[in-house]
């Protein structure tokens, strides 16, 4: 019985040592995370956040370009389906085409893609 008591004492001592070591490691990790999570003082951080009306206007324009392309594509597809009787296919195809056209219009408005050079287009006004 004495051996069983010694084994139990040894296990509880080992468990206490493990818990102490784990607790110390967790405290060290918490301290490191606390230091890393604190923002570094900026040299010139005295400016306030100011909303730029031109940026908001451009954002609304770009989002409107995309939504308009999708809506126009959906309407054309729905009308095409009504006229031909090809129930879902016209809507699906023209909805995807409207999405592509909307993305292309957004890219043109953002200046990522050059404007169209088709005759009668906006680039032909020289």
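Tabulated values for the structure
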item	result
Distance between modelled label sites at residue 19 and residue 56, nm, 7 Å Cα→Cβ extension	5.7
Euclidean distance of C-alpha centroids, the stretch 61-115 and the stretch 18-34, integer Å	56
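Every number in this text was worked out from the coordinates using simple rules, so none of it is lab data. Owing to the predicted nature of the structure, the values given are computational and were not obtained by experimental measurement. Cβ: placed from backbone, ideal geometry, glycine included. Neighbour counts: every protein chain shown.
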